[in-house]
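Bear in mind these aren't lab numbers, they're just calculated from the coordinates by the rules spelled out. Since this is a predicted model, take the numbers as computed values, not measurements. No Cβ is skipped: glycine too gets one built from the backbone with ideal geometry, and neighbour counts run over all protein chains shown.
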Amino acid sequence: EALDGVPPGGSLRDGWDVARWLRTAGRLAAGVGEELAAREVATRYDGSGAYRARRAPAVRRGRGSVFVQVGGRTLRLRLRNR
């Protein structure tokens, strides 16, 4: 059943939408930001359709890491504080 006029999309998509909204609002916890960046580098999701595995290389930044996806593999590069 829809809540506030938004039909449910399944637990993963709903959680993804909430995490993106919190990131935009600047209220996303550091660990969740890292997880969101890792998910987004490996998977495409436009907010409306189904999510799919990425085929092209992608880069996303979390708070303390950069995630790179190439050839179906996701690498995490930790950033060093200066």
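Points to keep in mind about this one:
- When the chain is reduced to its Cα atoms, the Kirkwood hydrodynamic radius in Å: 13.7 Å
- Helix 11-24 axis, angle to the chain major axis (alpha carbon atoms, nearest 10°): 70 degrees
- Model label points for S48 and A29, set 7 angstrom from Cα along the Cα-to-Cβ axis, are 3.2 nm apart.
- Between 0 and 90°, nearest 10: helix 30-42 axis offset from the chain longest Cα axis: 90 degrees
- Ordering G26, V70, S11 by the projection of their Cα atoms onto the charge dipole of the chain, which places +1 on the Cβ of Lys and Arg and -1 on the Cβ of Asp and Glu, puts V70 at the extreme positive end.
- Space enclosed by the convex hull of the alpha-carbon atoms of the range 35-81, per residue, Å³: 64 Å³
- Sorting the segments 33-42, 46-55 by their mean number of nearby beta carbons within 10 angstrom, highest to lowest, gives 33-42, 46-55.
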